């Protein structure tokens, strides 16, 4: 029958779409940058100190794969992971719009499906977790709205109300009037807001609450992993500046104490956006406080100076090919043992992008598994591959021998 998880990995590689499984099982390439990420996450766990990093890379060179690998490392360290792919509907320029997408992409360590709902089933009103969270909602935020949301959730026995209140915590923000009505029905007391909640102004309260919830439930921190971050370049000038400011906000310890944020950009973002759209001049002209300008300047400098993913070297690619061959064998219960050197030559001739080369290798293994041969390779009677040199000079598999 083959190994189910190995088959999932091979299917993901065949499609050219990166996945959490691929990132977890193919995590040996680029050891330096992965070691740095692992150290940063351990620092987050040990010292409760938020931070962040920007990484750049060319199209098809493994940025998404790196995020998947980082997700696997974080999960192994008992850190909650949120995967966010930016888009028009998921803009980094508006955190109140981004927040529900963050929740939807949140994975608890050990769980395959995303979601935070089950956390609220693990504590009850009057317990130590609930008490600490309620205290934090009263003293550690810009508004006290979440105090009334959480207390109402803990106090109601109405399943529909629970669903609505949990929806608010997940980013489907209720009106202040609706919060007051639910709280008064449950406790027969008024909900008195010290500051009128406005989602666009106070959404960081929700980020802070989630982080505190994860810590209270025994997790070691929170990792925010942002993909397709170069789509910021398609926003308006004002929205781009807001996005740069939010990168700084999500990467520092001022509001988040145990969170690590990782942003990956296309390597061309500096010349194509920061230089071509005159971002430094735009920043000078913007009506912003000196503090926010300094944060945006720091983000722009971070993008320009970001470590770039170098193409995998020969040894790293050979290790990847060995892994593909191993997992293909596990997936379909057979024992391929190809010579990796000529297979590497074939992969390099299959296309420029790393993902294209990997797909070509998977397709070659597919053909060998199904037919015991391709145009240039066949499996002999003993189950070992033999390589027949094609007489045509343009053969993609010469010099297999």
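The values are calculated or read from the model by the stated rules, or taken from the named source; none is laboratory data. As the structure is a prediction and not an experimental result, all values here were calculated from the model. So basically every Cβ, Gly included, is an ideal-geometry build from the backbone, and we count neighbours across all protein chains shown.
Residue-wise test of (1) at pLDDT below 80; (2) in contact with a helix residue (DSSP H, G or I) (Cβ under 9 Å, 6 or more places away or on another chain).
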| position | (1), (2) |
| --- | --- |
| 345 | no, no |
| 352 | yes, no |
| 355 | yes, yes |
| 381 | yes, no |
TODO: State which residue is modelled with the highest pLDDT when the search covers only the range 357-375 and only residues that are in contact with a strand residue (DSSP E or B) (Cβ under 9 Å, 6 or more places away or on another chain) and under 24 Å from residue 312 (Cβ atoms).
DONE: 364
Open item on the list: Just to be sure I understand, how many residues within the range 250-273 are in contact with a helix residue (DSSP H, G or I) (Cβ under 6 Å, 6 or more places away or on another chain) and either within 16 Å of residue 240 (Cβ to Cβ) or not assigned by TED's automatic domain parsing to the domain that holds residue 40 (or both)?
Closed with: 6
- [ ] Taking residue 305 as the residue in question, decide whether it is within 26 Å of residue 33 (Cβ to Cβ), surrounded by fewer than 18 Cβ atoms within 10 Å (Cβ to Cβ), under 22 Å from the mean Cα position of the chain (by Cα) and free of Cβ contacts under 8 Å to residues at least 12 places away in the same chain.
- [x] yes
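Quick one: would you say residue 143 is part of a helix (DSSP H, G or I) and either at pLDDT 95 or above or within 21 Å of residue 125 (Cβ to Cβ) (or both)? Before you say what the answer is, go through the steps one by one.
Numbers: part of a helix (DSSP H, G or I): no; either at pLDDT 95 or above or within 21 Å of residue 125 (Cβ to Cβ) (or both): yes.
Criteria not met by residue 143.
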Task: Residue count, the range 108-136 (criterion: over 12 Å from residue 216 (Cα atoms) and touching a residue at least 60 places away in the same chain (Cβ under 8 Å)) - done: 3
- [ ] Answer yes or no as to whether residue 135 is more than 14 Å from the chain's Cα centre (by Cα), surrounded by fewer than 19 Cβ atoms within 10 Å (Cβ to Cβ) and either on the phi > 0 side of the Ramachandran plot or outside any helix (DSSP H, G or I) (or both).
- [x] no
Task: Complete set of residues in the range 295-306 that are in a helix (DSSP H, G or I), touching a helix residue (DSSP H, G or I) at 6+ places or on another chain (Cβ under 9 Å) and farther than 13 Å from residue 238 by Cα - done: 295, 297, 298, 299, 300, 302, 303, 304
TODO: Could you grab me the full set of residues in the range 153-170 that are loosely packed, with under 15 Cβ neighbours inside 10 Å and not in a helix (DSSP H, G or I)?
DONE: 157, 158
Open item on the list: I need the full set of residues from the range 194-209 which are within 12 Å of residue 141 (Cα to Cα) and either touching a helix residue (DSSP H, G or I) at 6+ places or on another chain (Cβ under 6 Å) or surrounded by 15 or more Cβ atoms within 10 Å (Cβ to Cβ) (or both), in order please.
Closed with: 197, 202, 203, 204, 205, 206, 207, 208, 209
Open item on the list: over 19 Å from residue 247 (Cα atoms), in contact with a strand residue (DSSP E or B) (Cβ under 8 Å, 6 or more places away or on another chain) and part of a helix (DSSP H, G or I): is that true of residue 43 in this structure?
Closed with: yes
Task: Index of the failed condition, residue 284 passing every other in (1) in a helix (DSSP H, G or I); (2) in contact with a strand residue (DSSP E or B) (Cβ under 7 Å, 6 or more places away or on another chain); (3) in the same structural domain as residue 37 (by TED's automatic domain parsing) - done: (2)
Task: Of all residues making up the range 215-261, the number that are over 24 Å from residue 291 (Cβ atoms) and in contact with a strand residue (DSSP E or B) (Cβ under 8 Å, 6 or more places away or on another chain) - done: 8
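Regarding the range 315-323, can at least one residue be identified that is touching a strand residue (DSSP E or B) at 6+ places or on another chain (Cβ under 9 Å) and under 22 Å from residue 7 (Cβ atoms)? Please lay out each step first, then the result.
Residues of the range 315-323 that are touching a strand residue (DSSP E or B) at 6+ places or on another chain (Cβ under 9 Å), as a first pass: none.
No, because not a single residue in the range 315-323 is touching a strand residue (DSSP E or B) at 6+ places or on another chain (Cβ under 9 Å) and under 22 Å from residue 7 (Cβ atoms).
In the list 212, 185, which residue meets the criterion of being part of a helix (DSSP H, G or I) and free of Cβ contacts under 8 Å to residues at least 40 places away in the same chain? Steps first, answer last, please.
Details: 212 fails: free of Cβ contacts under 8 Å to residues at least 40 places away in the same chain.
Just a single option satisfies the conditions, and that option is 185.
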